[in-house]
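Let me begin by presenting the structure, written as structure tokens, before commenting on it.
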Amino acid sequence: MQNPFIISTYKSPEYFCDREKELEQLNSALNNGRNIVLLSLRRMGKTGLIKHLFNKLEDDKNVSTFYFDIMNTNSIEDFVNMLANSILGTFNSTSKKLFDKTFKYFSKFSPIVSFDENGYPTMSLKSNNTEQSKVSNTSIFNYLENQNQKIFIAIDEFQQITKYSDKSFEAFLRSNIQHLNNVNFIFSGSQQHILKKMFSSYSEPFYQSSDFLKLERINKDIYAEFIVNKFSETKKQIKKEDVEEILLWLDSYTFYIQNFFNKLWYISDKIVDDNLILKTKQYILDEHNFIYSNLHNMLTKMQYKLLKAIAKENGVKHPTSNNFINKHNLGTTSTISSAIKALVDNEMIYYENNTYKVYDVFLSKWLEQN
């Protein structure tokens, strides 16, 4: 029987929980010609939300959707090659006449033609330098603008473009995008402070060019009901109050909830009891023990002590307060400030609602226990 708690990627609507308001906000922005910035913590479900939206748009013949994760791109060339190789030929692959027209349109960029498993031709570009890549990027956007469909493009981890060596690309991309009427974008990412600066700072090219949507935690009651129903649909039983306790234990963090219930569902037979829940908790901590036990070798002594103290407190509002410092024997405020910055930069901790928390919920529980 299919495990109903998906952790690897988006599967289908029946395995997706809630996000109705967020879905409507994304859909409204795109269908009314507005770009939108989607912000969230890592592993909170932004990619699943985008793919859920695009899944719902699959039957609309007047819309084409594209999703790109650019986290592993390091240059403009990487960005444009990814864009070109995924988009070109999509619209015209079944018509030789239209495909030939597209090939001619991009002929100056030395397009590469290959054939898919059904024997249809596909086309890609290979840009080898920055200037060629910029020209290719403009041509691709013009190509999309001239399609007889609305085009929605999601660029995940969009803040990655700020790390490219050519610092003019952000302004160049903005100048390309602002002239498009037929193409709209979702700019998403987990490094929220960078994205906020990109879209809300007066000096930045993308200033006030898009709507904002901050992805928060799923409502506990809705999530608990979803989980109970998934157990019931697969002929298993779990009490709602037990689910609510687990959601609290996992800080309502989407990825860790899905992971936990994926394992709990697998080891359960018909009825989930307290012993099975405790067994699953311990199994997860034991499973990660090898990785987490080496963490102190990757951090300074102060960073590790501070990380452990934040975990034991389940988050801390004032890490430089005397009460917190004395309770956990942490030393001086200056060393704590340096350690906080290092842990935030390395995404070991994050700051939300005036509180510092450990990013990895399972790590936080392991540090509490060890």
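Shape summary: the stretch 225-331 maps onto an equivalent ellipsoid whose semi-axes, from the alpha-carbon gyration tensor, are 34, 16, 10 Å in decreasing order.
log₁₀ I(q)/I(0) of the stretch 141-181 at q = 0.14, 0.18, 0.34 Å⁻¹, via Debye over equal Cα point scatterers, no solvent, to two decimals? After summing over all Cα pairs, the log10 values are -0.40, -0.63, -1.17.
Value of Rg to Rh for the stretch 295-369, rounded to two decimals, is 0.91; Kirkwood radius and Rg both from alpha-carbon coordinates.
Could you pull out the GluC sites (Glu not before Pro) across the stretch 283-354 that fall in loop regions by DSSP (anything but H, G, I, E, B) with no more than 13 other Cβ atoms inside 10 Å?
Hits after loop and neighbour filter: GLU347.
When you filter the trypsin sites (Lys or Arg not before Pro) in the stretch 290-341 for DSSP loop state and at most 16 other Cβ atoms inside 10 Å of their Cβ, you are left with LYS317. Show me, for the stretch 9-23, the HN-Hα J-couplings you get by feeding each phi into the Karplus relation (A = 6.51, B = -1.76, C = 1.60, θ = phi - 60°), rounded to Hz, glycine and proline as x. Values per residue, Gly and Pro as x: 7, 5, 10, 6, x, 5, 9, 10, 9, 6, 6, 5, 5, 5, 4 Hz.
Under the convention that each Lys and Arg Cβ holds +1 and each Asp and Glu Cβ holds -1, the size of the dipole of the stretch 220-287 around its Cα centre is about 260 debye. Computed from the alpha carbon positions, the gyration tensor of the chain leads to an equivalent ellipsoid with semi-axes of 42, 28, 18 Å, biggest first. Relative to the longest principal axis of the Cα atoms of the chain, helix 96-105 runs at roughly 90 degrees.
No lab work stands behind these numbers, since they all come straight from the coordinates. Owing to the predicted nature of the structure, the values given are computational and were not obtained by experimental measurement. All Cβ positions, even for glycine, are placed from backbone atoms using ideal geometry, and neighbour counts span all protein chains on display.
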